[in-house]
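Scroll down for the structure; my scribbles are underneath it.
Just so it is clear, none of the values below were taken in a lab; they were calculated from the coordinates. Source: prediction; values computed, not measured. All Cβ positions, glycine included, derive from the backbone under ideal geometry; neighbour counts span all protein chains shown.
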Amino acid sequence: MNQLLPRFSPGSVPELVLVVLLWTSGCAAAADDLADRVVERLASYPVVRADFLQERTVASLTKPVTSSGRMVLSRDQGLLWQVEQPVKATLVFSANGTAEGGAAQAEMGRLIRAIVGADLRELRETFDIEPRGDLDRWTLHLRPQRREVAQYLRGIDLAGGKHLEVISVVEANGDSLMMRMRNFAVATELDPAERRRFLAP
Amino acid sequence: MSLKTRAALVLIAVAIAAAACAAYLARGVPLQTNLLAMLPPTERDPVVEHVIAKLATSVGARVVFMVSAHDAGHARRAADAFAAGLKSAGGLRALMARLDSVDRSLPAKLYAPHRFGLLTDEDRAGLARTEFNARDAALRQLVMPLPSAAALPLAQDPFGFYGRWLASREPRAGRLRLEDGYLTARDGERVRIVLLGEIDGDAYDERVQQRVVSAFEHASADMHAAEPQAEAWRAGTVFYAAAARAAAKRDMERIGLGATIGVALLVLLAFRTLRPMLLGLLSAAIGILFGTLALLVIDGEIQLVSLAFGASLIGEAVDYSILLFAAHLAAGAVWTPERGVAMVRPGLTVAVGTSLLAYALLALLPFPGVSQIARFALVGLAASYLTVLWLLPAFMQRPSTRDPQAATGWAAVLLDKWSALLTGRRAQWAAVAIALACVPGWLALRANDDVRLLISRDAQLASEEAAIRALTGFDAGGRFFLVRGANEDEVLQREAALVQHLRALEHAGALARHQAVSDHVPPRSRQEEDRALVAKRVFGEPQALARELAQVGFSPESAKTLLQDFERSREPLTIAAWLDSPLSSPLRHLWLRDLPASVVTLHGERDVVATASIATGLDGVTLVDKAGSVSALLGWYRASALPGLLIAAAAVMLVLVLRYGLREAPRLMLPVVLALLVSAAIFGYSGQPLTVFAIGAWLLTLGIGVNYAIFLREGMDRRGATAMAVMLSGSTTLLAWGLLALSGVPALRQFGFALLTGIAGAVLLTPLALRRQ
């Protein structure tokens, strides 16, 4: 056995919001509490399209940065995040971890597979989940359990009704990221153009 | 010199040899368990051998443990108990069970001052291709739905060049991640925690092995006391080496004990007294004593294989005494020791002569292991031979009290009947049928020289290692690239060129990944070019850059600091700085400072031909494949051993012609030659690969098998006793070699199987050597 001591990175950071998005799309758990029922509902849509508005607040910037665009979430394929304003950018997080992006994205593949494979346990291992409200108007507060995650993340709040409408991320240094989704449309499958984006980025 | 004086001299020599042997062994048994040490150096280039040895030492010192339980809490408690057990038991130089806190500033400390010269391939191509738009580039960093948590504060890396470079350097750690300091993998229903350790010494050192194995057992016991459901796996060279040593010891005990008991029973059955058995074993033991002493003096250490082989040498050495005892029995009342010795000496001398000739040819093979076996046999058999002629007669003064006819008559009858059957008409048809049946066997013979087939791996350990590899993604094979150059920078440049090719292979799926120093320290010229590109495209117009950053929302001060950082960072990152950083510790063994040279390891190789072909045309790059070159060497020796077998046969033939004349010699050779042909067919039928070890065994079969024909030919005046001696000799040899065919070491097993089939055939066909009455 060779090379047994790998250089180890102290935790891959950007996986988290993605985890939330995919998790909420992919989990099918027993509905024994609110979180489980929310997950069950969100997992019932094969494809969801929505507009999003994102606002990022960073201490070193004099003003928040807002952006907007379209997102497509597929239970089988992953997440397509298309920013239209103020700059055009597309990010594909494929469910099998082979889509565009460098090693960081590939690193996420492992997690994505677990999530898309309806592995509610995975998130429970990373977060303490605190649900509030009822199935029509719910919020979930996610607090990191692992020391390595807590080093850069304070918490994540999710809110919504039929769909996941708000994701709010607060980083350990106080920077924050808020995403609002609206104009939801549920479909049974991806259209050909979207499918191409997932398969051949 | 009288019989008694000679016997006394032999005993004195034995006593001295025993004392010398004991003195050697008192300093510890220098037993070599590394099977590769059996083989000659394969690389013509001594630098390559040196690098292989160095890598083997640094990698061989590593051990991995994986502790698992059904949930994280139990797994962590189990890992803590296991680690505490390991630490209290000792045996490990270092153990990493839990990372207390990772210093997240380490990469920034090493790389940030040089970051403007560090670009990924994509960023370099992008910058070279299109006009750089600072506003869009900075915004793209901010609009992604990911927390920033960047490697550096955003203002120091607003476009993410450095963040992407660093991220692309990170190895993929399989399914491992850090959970509260534990390296954890989730695997279905179990949570597994990895502990990394380094042993304190050479993995092939018996004392080191004992310490590490007992530390593992101690730690496992502690873990089970704390967490009864937990499970601990292990991987590392030291465990394989310890298992191989234990297996060889078991082999030695089993084969040695089995051979001894079997031989003793046979002797007892034939002679009805324990005396010949004890004397026979004495002669064999003296042979083994001198053989061992010779190895200790000549080689300084004993190969594991030689030891196992030595244990089975009992069978061959006992043959010589059997001949003497048979003569004793046949002489009846007219026995005197002098007469007995005179009776057996001619046949015995010719027989020992042919055996020694075969072993001497084997000793010429440049395999340290095989030639050691041959030295052991040469010295051991010669000592046994002299013991039979000089020492044993002194213990056999009195004639046998049994009636020679009654004691050996059955063997004469058996010989006559078997001879008649063998030379009868039906036997001729049977021979034709057997010869025809042999043809498909010969055609089915396949050579396979892969050295990995010859090394036995403990199945339990192998499955644990495979599981650990799958979960951790540590999957390095035995092949690596060695990159040499006139100076450090040339090495890095050549390595970077190689890495470009490797990336293409990785992209095509022929390779999972590689490890290379230049991925962490790009060559100086590359850093300077990248910095020049960044200077031109990004920092070309400082005012415009500051303005665009302000548009995004960066403060004027942070833009100014960025420009200052860029102006100051003119020195490229050096190997020395990297070596000084704790970040380099897992990869430091890849950099060979004194040469200078570097090693690029390959992980998850799927297309060996593609990997091999990329080295051609790259200066200073060599693909090193120790297992491959050893296998090629084994193949070369196998191919040249076949002519060797013919030469040995010719040499034996020459001895026979000198003694028996041109007409009779071929007949004496006939049984063993036929037996070898049948043995080869059996190899083909059973699907056993044809290796140099099988051919080596046939070489020995030739020497031993021809003995039987000689014994029989020389002893026809006392045919019953001689037939009994041959049958007994054949049975004892078969017992020893037959048990060797059960060995856990594949090389020995093939060796034993070839001897087993060859000798059995030679014994059965020996009557063909007799002149027809």
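What is the angle, in °, between the Cα long axis of helix B:556-568 and the longest principal axis of the Cα atoms in chain B? Nearest 10 is fine, range 0 to 90.
That works out to roughly 50 degrees.
Calculated FRET efficiency, B:A342 and B:S463, Cβ-Cβ r, R0 51 Å, to nearest 0.05?
Between B:A342 and B:S463 the formula returns 0.25.
Just check the stretch B:478-587 against the gyration tensor rule for me: Cα atoms, a ≥ b ≥ c as the square roots of the eigenvalues, rounded for a/c under 1.5, and otherwise prolate or oblate depending on whether a/b exceeds b/c.
Cα axes put the stretch B:478-587 in the prolate bin.
I need the semi-axes of the equivalent ellipsoid of the stretch B:366-505: take the C-alpha gyration tensor, multiply each eigenvalue by 5, square-root it, list largest first in whole angstrom.
61, 29, 18
Step by step: find N for the protein assembly as shown, compute 2.2 N^0.38 Å, then divide the Cα radius of gyration by it. What's the final number?
Cα Rg divided by the expected 2.2 N^0.38 Å: 1.26.
Report, to the nearest 10°, how far helix B:337-363 tilts away from the longest principal axis of the Cα atoms in chain B, using its own Cα long axis and a range of 0 to 90°.
20
Using the structure shown, select from B:K87/B:K249; A:K63/B:K560; A:K63/A:K88 the pairs with a Cα to Cα distance greater than 26 angstrom.
Correct reply: B:K87/B:K249.
Which distance in nm do the two modelled labels at B:K109 and B:W418 give, with both placed 7 Å along the Cα-to-Cβ direction?
Spacing of the two 7 Å Cα→Cβ label points: 8.0 nm.
Please check which bits of the stretch B:479-493 a label hung off B:W636 would reach, taking the label as a point 7 Å along Cα-to-C-beta and the cut-off as backbone N under 20 Å.
Residues passing the 20 Å test: B:479-480, B:482.
What is the list of residues in the stretch B:631-655 whose amide nitrogen lies under 17 Å from a point 7 angstrom out from the Cα of B:E49, following Cα to Cβ?
Counting only backbone N, you get B:631-634.
Work out the FRET efficiency for B:A26 and B:L265 from their Cβ-Cβ distance, taking R0 = 41 Å, and round it to the nearest 0.05.
The calculated FRET efficiency here is 0.75.
Ranked highest first by the average count of other Cβ atoms within 10 Å around their residues, in what order do B:327-335, B:501-509, B:676-684, B:558-566 fall?
Order by mean packing, descending: B:676-684, B:327-335, B:558-566, B:501-509.
Need one word for the stretch B:576-720: rounded, prolate or oblate. Basis is the Cα gyration tensor (sqrt eigenvalues a ≥ b ≥ c); a/c below 1.5 gives rounded, then a/b vs b/c decides.
The shape class here is prolate.
If each residue of separation counts as 0.36 nm, what is the full-extension length gain between B:L99 and B:A333 once their alpha-carbon separation is subtracted?
75.7 nm
Show me A:77-83, A:167-173, B:51-57, B:431-437 ranked by packing, highest mean number of other Cβ atoms within 10 Å first.
My ranking of the peptides, most packed first, is A:77-83, A:167-173, B:51-57, B:431-437.
List the relative contact order of chain B as a percent without decimals, with contacts defined as Cα pairs under 8 Å and 6+ residues apart.
20
In debye to the nearest 20, how big a dipole does the protein assembly as shown give about its Cα centre with +1 on each Lys and Arg Cβ and -1 on each Asp and Glu Cβ?
Using Cβ point charges on Lys, Arg, Asp and Glu, the protein assembly as shown gives about 3340 debye.
Using amide H atoms built in the peptide plane, which far-off residues or other-chain residues are under 5 Å from A:F127 H to H?
Here the answer is A:Q145, since their amide H atoms fall under 5 Å of that of A:F127.
Given N residues in the stretch A:142-197, what is its alpha carbon radius of gyration divided by 2.2 N^0.38 Å?
It is 1.55.
Rounding to the nearest 10 and keeping the result within 0 to 90°, find how far the Cα-based axis of helix B:237-271 lies from the longest principal axis of chain B.
Roughly 10 degrees, rounded to the nearest 10.
Along each of the three principal axes of the Cα atoms of the stretch B:571-619, give the extent in whole Å, ordering the values from largest to smallest.
Projected onto its principal axes, the Cα set of the stretch B:571-619 covers 37, 24, 22 Å.
Provide the convex hull volume over Cα atoms per residue for chain B, in Å³.
About 199 Å³ per residue, rounded to a whole number.
So if each residue of separation counts as 0.36 nm, and I subtract the Cα-Cα distance between B:S555 and B:E217, what length gain in nm does that give?
Fully extending the segment from B:S555 to B:E217 adds 115.6 nm.
Taking 60 Å as R0, compute the FRET efficiency from the Cβ-Cβ separation of A:R196 and B:E206 and round it to 0.05.
The formula returns an efficiency of 0.45 here.
Enter the mean number of other protein chain beta carbons within 10 Å of the beta carbon of each residue in B:545-553, as an integer.
2
Show me A:177-190, B:251-264 ranked by packing, highest mean number of other Cβ atoms within 10 Å first.
Highest mean packing first, the order is B:251-264, A:177-190.
Over the Cα atoms of the stretch B:535-624, how large are the radius of gyration and the largest Cα-Cα distance (Dmax), in Å?
Spelled out, the Cα radius of gyration and Dmax of the stretch B:535-624 are 21.5, 56 Å.
Non-local amide H neighbours of B:E605 (under 5 Å, H modeled in plane, Pro and chain starts lacking H): which ones?
Hits under the 5 Å cutoff: B:G477, B:A512.
Can you tell me the dipole magnitude for the stretch A:119-201 around its Cα centre, using point charges on the Cβ only (Lys, Arg +1; Asp, Glu -1), in Debye to the nearest 20?
Using Cβ point charges on Lys, Arg, Asp and Glu, the stretch A:119-201 gives about 100 debye.
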